[in-house]
Amino acid sequence: MSDGARAKSDKDKSARTRSGEAPPLAHASPGRLAAREIYYARLLRGAALSGSLVALTLAAGTVGYHAIEGMDWLDAFHQASLLLSGMGPVVDVKSTAGKLFDSIYALFCGVILLAASGLMLAPIIHRVLHRFRIEDSREP
C-alpha cells in the first residue's frame, strides 16, 4: 500500500466512531455553537423519534385493549390515548387479563411520556449548556 493510500485509510479510520459508523453530523469547532442547520436537524430528529415512540405506544395500547378487553377500535384508541396523555382511564376494565394489561400499559405510558419529553428537549438543553460553556470560556 502506498503512503498516500495508507494516510487516507488512517484518516478514514479516525473519522469513524467506536461502533464503526461514520459520525452523522459535523460538529462545531471548539468555542463555537453548531450551525443552525445542524441544530434544526437535531430538533427534527428528536421530534421524529419522539413522535414515532408515542405512535407505536398508542398503536400497541389500542390493539391491546381491542384484543384483550374486546373494546371497539374507537373506544380502545380513546382509552389508550387518555392513558398515554396522563389523564387516566375512561372505561372500567372488567376482566383480569384486561386489568393486568391496563396496569402495565399505564406504567409503561408514564415511562414513554418521560422518554418522549427527554427526546424533544435534549437538543434544546444541549445547546443552552454549550452556550453557557462558550460564554464561560471567553471570560479572563
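Only the coordinates and a few stated rules stand behind these numbers; no lab work does. No experiment lies behind these values; they were computed from the predicted model shown. FYI the Cβ positions are ideal-geometry reconstructions off the backbone, even for glycines, and counts take in every protein chain you see.
Values as computed for the structure displayed
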quantity	calculated
Test: ALA76 is free of Cβ contacts under 8 Å to residues at least 24 places away in the same chain, in a helix (DSSP H, G or I) and within 24 Å of LEU53 (Cβ to Cβ)	yes
Hits in the range 64-87 (condition: surrounded by fewer than 18 Cβ atoms within 10 Å (Cβ to Cβ) and closer than 26 Å to GLY46 by Cα)	HIS78, SER81, LEU82, SER85, GLY86, MET87
Test: residue in the range 52-59 that is assigned to a helix (DSSP H, G or I), exposed (fewer than 12 other Cβ atoms within 10 Å of the Cβ) and aliphatic (A, V, I, L, M)	yes
Hits in the range 40-73 (condition: without any contact (Cβ under 8 Å) to a residue 24 or more places away in the chain and among the β-branched types (Val, Ile, Thr))	THR62, VAL63
